[in-house]
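What follows is a short report on a single structure.
Values quoted throughout were computed directly from the atomic coordinates according to the rules given, and no laboratory measurement underlies them. This is a predicted model, so every value here is computed, not measured.
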Amino acid sequence: MNDASDDELVARVALGDEAACRQLVDRHLMRMLALARRMLGSHADAEEVAQEVFLRVWTHASRWEPGRAQFSTWLHRVATNLCLDRLRRHTTDDIDSIPEPQSEDPTPQEELERQDLARRVDQALQALPARQRAAVTLTHYQGLSNIEAAEILNVSIEAVESLLGRARRQLRVALATERDEWLRKSVEQG
């Protein structure tokens, strides 16, 4: 079953094949978690969204139309929409409750600086409007093309490019002090 395409697996899921569903989860779970984590800023919320995505695969598999779109694109669309729905309901999240990512930096000081920068970048990302955050997350963090992001967000490619442009400008302004601080430290250490 490992060689089966996503479309073949979805067809098996529609017949109640739990093993096929597990295979789809194995293939796509990490990307759905990463997307939701970047969108929502919370690992716990990301896990809930991923669980809901695969619950929808299980319950709606019989409606899947092979060839109409890529299954992974549909999954990204479902996850993105679930995240946008959550963001509309929860306008304020406690950014301090997000666990810091693990790093393999050699010194504790470098690790603290890297974590601080990652936290500030994440805060800047969380401050973006939801659709801009979705566009950045899909293209930058998920590695999808603008065409795929446009399909997932149900907008034109030009709209995705506009969302990305506005998001980059806002991130550049929000992170300007981090860039200035990094340059100052580089000069002091140089």
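Structure summary
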| item | result |
| --- | --- |
| Cα convex hull volume per residue for the range 1-53 (Å³) | 73 |
| Computed lengthening from residue 168 to residue 55, 0.36 nm per intervening residue step minus Cα-Cα distance | 37.3 nm |
